[in-house]
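Down below is the structure, laid out as C-alpha cells.
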Amino acid sequence: MEQHIVIGFGGIYSAYTIQELQKTYSPDVIKLFFIDLFSDVSDEPLYLNNALFMSNVAEKLGVELITPDITLQTDKSIDSNFNENIISKLCAVSEQIKTMYEDLSNIVLHFPIVPKNLNGQNEICIESVENDWADNFEIKSLFEQLLPEVQVQFTIEDLATKVNIKEIIQNEWGIDLPRSERKRVHIAMFSGGAGSAYVSYYMVQAYRKENCKLFFTNTLWEDEDNLRFMDEVSEYIGLEITEILDGRTPEEVFFDMKYLGNSRLAKCSEELKVRQTLIYLEELRDNEKVEPILYFGIAPHEKHRRDDSHVKRRDNIVEENSSDMNIRKAAGIRSFYAHFPLEPIETRFPLIETLREDIDAKGIIKYEWGIELPRMYTAAVEAAKLEDNVLAQKLVAKGINGFSHANCGGRCVRGGFQHYATLYAIWPEQYKEQEDMENRFRDHFNKDVSILKKNGGPYTLKQYREDMESSGVEKFLFQPDDTIPCVCSFS
Ligand code: SF4
C-alpha cells in the first residue's frame with residue numbers, strides 16, 4: 001500500500017499538507033517527518049518551538065511523528081546547490097526512510113513548499129521559514145540521487161489564494177502558530193530621544209501603523225518636556241504611545257531593594273525599564289499571539305559616521321569589538337534580547353544597520369517636522385542666555401548644548417562626575433533634588449553609600465558639590481566620564 005511521508009520543517013505548510021492528504025488517504029498511511037533545516041541545536045528555543053508545533057499538529061491530525069536521526073548519512077557523493085547543512089539533514093531523512101521501509105517504490109514524499117501564488121501575501125504566508133528556501137526542481141534532483149525509487153510531490157502547490165492557513169490552524173485546529181509564523185509586531189523603543197523618534201517614524205513608514213507600536217517605559221523621573229516631545233512626535237507619526245509604568249520612581253526602587261543605584265549597578269533600569277519591557281513582550285506573545293521585533297534609535301557616534309568605518313560596518317554590524325561605543329552598546333542589547341527573554345527577541349538598529357547615509361535626526365525633527373527637541377538637549381543653551389550663567393556659556397562655547405541623553409530629567413544614577421557637574425551648572429535645582437534623594441537613602445538605611453565613587457569609596461553629591469564650589473565647577477566640567485554609559489536612553 002502506498003505510504004505518504006510529509007517532510008515537515010516546523011512551519012504551517014507541512015501541517016496543511018497533511019490536511020490536504022487526509023482528503024484522500026487515511027491517517028494510517030501518512031507520517032510526518034520533522035527535520036528543522038534552520039536551527040542546528042536541538043535545545044535552542046526556535047528548534048523547540050518548531051518541534052512543539054509539529055508534535056501538536058501530528059496529535060491533532062492523528063498521524064505518526066518521526067524525528068529522523070540526523071547522524072545517519074549517505075556514502076553517495078551528492079551533486080546539489082543546497083548548502084551542506086541542508087544536504088546533510090535531507091540525507092538523514094533519506095537514510096531514515098531506508099531503515100523503515102523495505103519497498104521504497106511505494107513511498108511518496110510530500111514537500112511543503114510555499115505555493116508561489118501565496119508568496120508575499122502578508123496575512124497568509126508572511127516571512128515563513130519555509131518560504132523560498134528551495135525550488136521544486138532542486139528538491140526533486142536531490143532525491144533522485146538519494147532515493148531514486150520514491151516519488152516526490154508538492155501537494156499544496158496550487159492552493160487557492162482564499163485559503164488562510166494560519167487562521168485555520170490557529171482558530172479551527174486551536175494550535176498556537178510556531179514563532180517563525182506568528183504575525184510580526186514592530187515595536188519602537190520610544191525613549192524620548194531624537195534617535196528613537198526618528199526610528200519610530202522610519203518603522204511606521206516601512207511597516208504601517210497597524211503593525212507597529214511606540215513603546216515607552218515611564219520611570220516617573222522623566223522631564224516634563226520629554227513627555228511634550230513624545231506626544232508631538234506620536235501625533236506627527238499618527239500612532240499612539242503604549243506607555244508602561246511600574247508605578248515606582250527610581251528612588252522607590254532603591255528603597256525597596258535597599259541598594260542605592262550607582263554607575264556600576266542601576267536596579268532602577270532593571271526594574272522600571274528592562275523588567276517592564278520583558279513582561280510586556282511576553283504578554284504580547286501570550287495574549288495576542290504575535291512575535292515582537294524591537295527597534296532602537298542608537299546611531300553611531302558622529303566621528304564614526306564620517307570616517308571609513310561607515311563603509312566597513314556594512315558587513316560587520318553591531319560588532320561587539322567595534323571601536324564605536326554606541327555600536328558596542330547595540331551589540332550588548334542584541335545579545336541581551338537574544339538570550340534573556342523566554343524566547344529570543346529580534347532587535348533592529350536602523351540608524352546603524354539600515355540607513356546608510358548620515359541621518360541628522362535632530363535637524364529633521366526640528367526643521368522638517370517642526371517639533372522642538374526636548375529641552376534637555378538644549379538646556380545649556382537656554383541657561384547660557386541667562387547673563388550670570390557663565391558656566392553654561394562655557395559649555396555652549398565647547399559645543400555642549402545640553403545633556404547627552406534625555407532620560408530621568410538629568411538625574412541618571414549612571415552619570416559620572418562630568419554629568420553631575422553639567423547638571424549642577426545647568427539645572428542646580430535638579431542636582432539638589434538628587435543630593436536630597438541620596439541623603440534620604442543614607443539616613444534611612446544608615447549606610448555610607450553614594451551614587452558617585454571616588455578612590456573606590458563613597459563620595460556623596462553633597463561632598464562633590466562642596467568640592468565644586470571650593471575648587472570651581474569648571475575644573476570638573478570638561479573631563480569626560482569613564483563610567484559605563486546608561487542604555488536607558490535607548491530603551
Ligand atoms: S536613566 Fe538612569 S536613573 Fe533613570 S532608570 Fe535609567 S539608569 Fe536609572
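Among residues of region 451-473 being in a strand (DSSP E or B) and not aromatic (Phe, Trp, Tyr), the one that is surrounded by the most Cβ atoms within 10 Å (Cβ to Cβ) is LEU452.
Quick one: is PHE445 modelled with pLDDT of 95 or more, within 14 Å of the ligand (Cβ to nearest atom), surrounded by fewer than 24 Cβ atoms within 10 Å (Cβ to Cβ) and more than 30 Å from ILE298 (Cα to Cα)? So PHE445 fails the test. When ASP246, ASP223, ASP231 are checked against the criterion of being crowded, with 16+ Cβ neighbours inside 10 Å and without any contact (Cβ under 8 Å) to a residue 40 or more places away in the chain, ASP246 stands alone in meeting it. Mind listing just one residue for me: the one in region 199-230 that is in contact with a Cys (Cβ under 6 Å, 6 or more places away or on another chain) and part of a helix (DSSP H, G or I) and, of those, farthest from the ligand (Cβ to nearest atom)? Checking each candidate, the answer is VAL204. In summary, VAL163 fulfils each of the numbered conditions (1) buried (at least 19 other Cβ atoms within 10 Å of the Cβ); (2) among the hydrophobic types (A, V, I, L, M, F, W, C); (3) more than 16 Å from the ligand (Cβ to nearest atom) with the single exception of condition (1).
For region 380-416, filtering for residues that are under 22 Å from GLN434 (Cα atoms) and either within 16 Å of the ligand (Cβ to nearest atom) or of a type in the set (Lys, Arg) (or both) leaves 15.
Filtered by the rule that a residue be modelled with pLDDT of 85 or more and crowded, with 17+ Cβ neighbours inside 10 Å, region 102-138 gives ILE107, VAL108, LEU109, HIS110, PHE111.
Would you confirm, using the coordinates I've provided, whether SER263 is under 20 Å from the mean Cα position of the chain (by Cα), in contact (Cβ under 8 Å) with a residue 12 or more places away in the chain, under 16 Å from ILE451 (Cβ atoms) and surrounded by 18 or more Cβ atoms within 10 Å (Cβ to Cβ)? Against the criterion (under 20 Å from the mean Cα position of the chain (by Cα), in contact (Cβ under 8 Å) with a residue 12 or more places away in the chain, under 16 Å from ILE451 (Cβ atoms) and surrounded by 18 or more Cβ atoms within 10 Å (Cβ to Cβ)), SER263 does not qualify. Can you confirm whether ILE66 is more than 33 Å from the chain's Cα centre (by Cα) and hydrophobic (A, V, I, L, M, F, W, C)? Taking the combined requirement at face value, the residue satisfies it.
Taking (1) away from the ligand (no atom under 14 Å from the Cβ); (2) in contact with a Cys (Cβ under 6 Å, 6 or more places away or on another chain) in turn, PRO250 satisfies each apart from (1).
The values are calculated or read from the model by the stated rules, or taken from the named source; none is laboratory data. Please read these numbers as outputs of a predicted model, since none were measured by experiment. Backbone-built Cβ (ideal geometry, glycine too); neighbour counts: all protein chains shown.
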